[in-house]
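*Asks:* Have a look at the structure that comes next, please.
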Amino acid sequence: MSSKYKEILGKYANARENLVSAMQDIQESEGYISPEAVKEAAEYFSISKADLYSVVSFYAQFKFTKPGRHTIKVCKGTACHVRGSGSLLSALEERLKIKEGQTTPDGRISLERVACLGACALAPAIVVDEKVHARITLPELEKILNSLD
Ligand code: FES
C-alpha cells in the first residue's frame with residue numbers, strides 16, 4: 001500500500017471490527033475523513049466504499065468535510081439556550097453566511113452546535129478552537145470573530 005494512511009491502517013488487523021477505531025485515528029490525525037481516506041480504508045478492510053460510509057456515518061463523531069482553520073462551537077444546552085445561545089448562533093450564521101455544521105467557503109471558520117459544555121454557570125458559552133468563552137454577548141462575539149485570522 002503506497003498510502004498516506006498506511007501507517008495508521010497498518011496498526012490494525014484487516015478485520016471489520018477494527019474499522020471504526022482506524023477511522024477514529026484518521027480523523028484525529030487529519031481532522032476529518034477525506035474521500036481519499038475512505039477509498040484507502042475500504043481497500044484495506046476489503047469492503048466497498050458504500051459499506052464503509054454506511055458503518056462510519058452511523059457515528060455522529062465523524063466528519064466528512066475538511067474543518068476550517070478555526071472552529072466555533074455554540075452550546076445548545078438548556079442553560080445556554082435560556083441565556084441566548086440561539087441569538088448567538090443566528091448572528092454567527094448571518095455574519096459567516098453559513099449554517100451550523102458548515103465551513104466558510106474560504107476555509108476560515110467551521111460552525112457547530114454542541115451539547116452542554118459543562119460550564120452552565122458561564123452561559124451562554126461558546127468554544128473557539130478549544131477555548132471556552134463565557135457569558136458571551138453579541139459585541140463580544142464580534143470581537144472574537146475579528147480576532148480570528
Ligand atoms: S448548557 Fe451550555 S454549558 Fe451547560
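Just so it is clear, none of the values below were taken in a lab; they were calculated from the coordinates. From a predicted model like this one, the values you see are computed outputs, not experimental measurements. When we count neighbours, we look across all protein chains shown, and the Cβ atoms used for this are built from the backbone with ideal geometry, even at glycine.
*Asks:* May I ask you to list pairs of residues, at least six apart or on different chains, whose Cβ atoms are under 7 Å apart, with the first in the stretch 71-98 being in a loop (DSSP other than H, G, I, E, B) and the second being more than 11 Å from the ligand (Cβ to nearest atom) and not basic (K, R)?
*Replies:* Matching pairs, first to second residue: I98/T104; I98/L111.
*Asks:* Could you grab me the full set of residues in the stretch 68-95 that are away from the ligand (no atom under 16 Å from the Cβ) and in contact with a helix residue (DSSP H, G or I) (Cβ under 9 Å, 6 or more places away or on another chain)? Steps first, answer last, please.
*Replies:* So the first thing to find is which residues in the stretch 68-95 are away from the ligand (no atom under 16 Å from the Cβ), and the list is 68-71, 90-91, 93-95.
Listed by number, the residues that qualify are A91, R95.
*Asks:* For the stretch 101-125, name all the residues that are more than 7 Å from the ligand (Cβ to nearest atom) and outside any loop (DSSP other than H, G, I, E, B).
*Replies:* Within the stretch 101-125, T103, I109, S110, L111, E112, R113, V114, A121 meet the criteria.
*Asks:* Can you confirm whether S54 is within 16 Å of the ligand (Cβ to nearest atom), more than 18 Å from the chain's Cα centre (by Cα) and surrounded by fewer than 17 Cβ atoms within 10 Å (Cβ to Cβ)?
*Replies:* Values: within 16 Å of the ligand (Cβ to nearest atom): no; more than 18 Å from the chain's Cα centre (by Cα): yes; surrounded by fewer than 17 Cβ atoms within 10 Å (Cβ to Cβ): yes.
No: the conditions fail for S54.
*Asks:* How many residues does the stretch 13-58 contain that are closer than 30 Å to D129 by Cβ and assigned to a loop (DSSP other than H, G, I, E, B)?
*Replies:* Number satisfying all stated conditions: 6.
*Asks:* OK, next. Select from the stretch 99-118 the residues that are over 16 Å from L145 (Cβ atoms) and touching a residue at least 40 places away in the same chain (Cβ under 8 Å) and write down the one among them that is surrounded by the most Cβ atoms within 10 Å (Cβ to Cβ).
*Replies:* L117
*Asks:* Can you tell me which of (1) touching a Leu at 6+ places or on another chain (Cβ under 7 Å); (2) within 14 Å of the ligand (Cβ to nearest atom) is the one I98 doesn't meet?
*Replies:* I98 satisfies every listed condition except (2).
*Asks:* For P139, indicate whether it is away from the ligand (no atom under 11 Å from the Cβ) and part of a loop (DSSP other than H, G, I, E, B).
*Replies:* no
*Asks:* If you don't mind, another one. Considering only residues of the stretch 126-136 that are at negative phi and part of a loop (DSSP other than H, G, I, E, B), which is surrounded by the most Cβ atoms within 10 Å (Cβ to Cβ)?
*Replies:* Within the stretch 126-136, the subset at negative phi is 126-128, 131-134, 136.
When the remaining residues are screened for being part of a loop (DSSP other than H, G, I, E, B), the result is 134, 136.
On the way: A134: 13, I136: 24.
Once the filter is applied, the top-ranked residue is I136.
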